Amino acid sequence: MKSVVIRDSTLREGMELPGVELSLKEKLKIAGILDGMNVPEIEIGMPYGIRSCLPLAKSIKSNGLKIKTSALIVSYRSNWKEEVNIAAESSIDRIEILIPTSDILLNLKDYYKIKKEAIPELLYETVGYAKKHLIEVGLGFVDATRTNLEFLVRLMKEAQTSGADRVIVYDTVGIATPPIMKKIVSRIKQKSSIPILVHCHNDFGLATANSLAGIEAGADAVDVVANGMGDRGGNAAFEEVVLALEILYGVRTGIKLEKITEFSRVVEEKCGIRKCRVKPVVGEFTFLHSPVMHIRNAASGNRKAFEPFEPELIGAKRKFAFTLPVDYSDALEPFCKKLGLNLKNGQKVSILNALHKESKDSGLSEKQVLDLIRKTVKKRSKR
C-alpha cells in the first residue's frame, strides 16, 4: 500500500443522526477544515436529497476550496435521470449511483422494483446516461457484504465495461468481519482494475478493522466520519482509520495530522453529539495517565512506554491524574527533579493530596502539575 484516498462523509453520514442540523455556514466551516487538512474529497449529498446539497457544493467552489464533493443518486427511483441532470448542472464533482445488490434488499419488491437479473442492464443505463453529462460517476453496491460474491464479481466487470470511475463496497449493516471484507475486495479486485472504495458501518464495532482489511486487500479509498458518527452504531472513524494507516501501516494519507483534534472538537461542538471520553485517538482521556508506571515514564521522557504515538502529532495534549488508591511517590519524583526540589515526607503528602483533588475531574497537564507543586511548597513554607 503506497497511498489511500480518504473521503470524509461527516456531512452526509454524520447528518443522519437525530437533532443534527447544521446551517450552510457551519457546513462550510467543516468543509474548510477538511480542505485545510488536505482531505481530497467529501460526501455532502444523501439519497433523495440532491437539491439540498447544491448550496454547499456551490459555496465550496465560490470560496476557493480545492476539496471535491460527491452526492448520492438512487437508481431505483423513477426520477433518477432528473437528479443526474441536476447534479451535472451544479458544482458537484461526482455522483455515486446506488444499486441494491443483496437478496435481502431486493425482497422488498414494491419499493426497489428491480429484479436481480435486471441489475446489470440498469447499471449500464444509469452510468451511460451520467457519463454523457461529463461528470465523474461511481457505483455504490448497497449491502455488498451480504451479496453473493460471484454476483458481485459479475457486477464489477459490468461496472468497468460501463465506464464507471469507481465502485463503492457498502458494508451496509456492519456485519462483515475483516476476513470476509478481505475476501470480497480481493476477489472483485482480481476481475477489474476499476478503483474500489470501502464504506463500513460500526454495528459490531468493526468498522475501522473492516476498512483496514479492505485496504489491505486492495481497496484504493475509504469512507470515514469524524468521531465515528453515523446512523445506528456509526461509521469508520476518521481519526482511527487515518492514524492506523499512517502509524501502523506506514501508509501516507496526505492528511495534516496535527489538525485532527481540532476537527474532532469542531464537529462535536457543531453537531451536538458528544464523543466518549475514552474514544480512541480523540477522546478526552486518550492521553491521560493515572497508573504510577505510566506517569513516571511519561514525565521522565520515556513516553513511548505507554503511548502509541505522541499527542502533539494530532494537536492534542498529555495529562496526568493522581487519583488511584496507590502510593504516587515514584510518579511525583520526575516532576520534582525538573523543579530541583528535594521534598520532605510532609511536603509530599500535601502535594499528593493537592494533585489528587485537582486532577480527579479531567487530569492536569505537565505545566499544571509543576505549577501546583510550586504553589503547594510555597504555601507550606509560609506556615
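The values are calculated or read from the model by the stated rules, or taken from the named source; none is laboratory data. Bear in mind that the values here come from a model prediction, so they are computed numbers and not experimental data. So basically every Cβ, Gly included, is an ideal-geometry build from the backbone, and we count neighbours across all protein chains shown.
Quick rundown of the values:
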{"read-out": "Residue in segment 258-274 that is crowded, with 23+ Cβ neighbours inside 10 Å and either charged (D, E, K, R) or without any contact (Cβ under 8 Å) to a residue 24 or more places away in the chain (or both) present", "value": "no"}
{"read-out": "Candidates GLY315, GLY363 - the one that is within 30 Å of SER264 (Cα to Cα), in contact with an Asp or Glu (Cβ under 7 Å, 6 or more places away or on another chain) and surrounded by 14 or more Cβ atoms within 10 Å (Cβ to Cβ)", "value": "GLY315"}
{"read-out": "Checking ARG274 against (1) in a loop (DSSP other than H, G, I, E, B); (2) in contact with a Lys or Arg (Cβ under 9 Å, 6 or more places away or on another chain); (3) of a type outside the set (Gly, Ala, Ser); (4) closer than 27 Å to VAL242 by Cα, the condition it does not meet", "value": "(2)"}
{"read-out": "Residue match in segment 11-18 (condition: over 17 Å from the mean Cα position of the chain (by Cα), within 25 Å of GLU240 (Cβ to Cβ) and of a type in the set (Gly, Ala, Ser))", "value": "no"}
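One line per residue, one yes/no per condition, for (1) on the phi > 0 side of the Ramachandran plot; (2) modelled with pLDDT under 95; (3) buried (at least 16 other Cβ atoms within 10 Å of the Cβ); (4) of a type in the set (A, V, I, L, M):
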| site | (1), (2), (3), (4) |
| --- | --- |
| LEU56 | no, no, yes, yes |
| ILE60 | no, no, yes, yes |
| LEU65 | no, no, yes, yes |
| LYS68 | no, no, yes, no |
| ASN107 | no, yes, no, no |
| ILE114 | no, yes, yes, yes |
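Table: residues versus (1) of a type in the set (A, V, I, L, M); (2) within 12 Å of the chain's Cα centre (by Cα); (3) modelled with pLDDT under 95; (4) surrounded by fewer than 21 Cβ atoms within 10 Å (Cβ to Cβ).
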residue	(1), (2), (3), (4)
SER162	no, no, yes, yes
THR172	no, no, no, no
GLN190	no, no, yes, yes
HIS199	no, yes, no, no
ALA213	yes, no, no, no
VAL224	yes, yes, no, no
ASN235	no, yes, no, no
GLU239	no, yes, no, no
ARG252	no, no, yes, yes
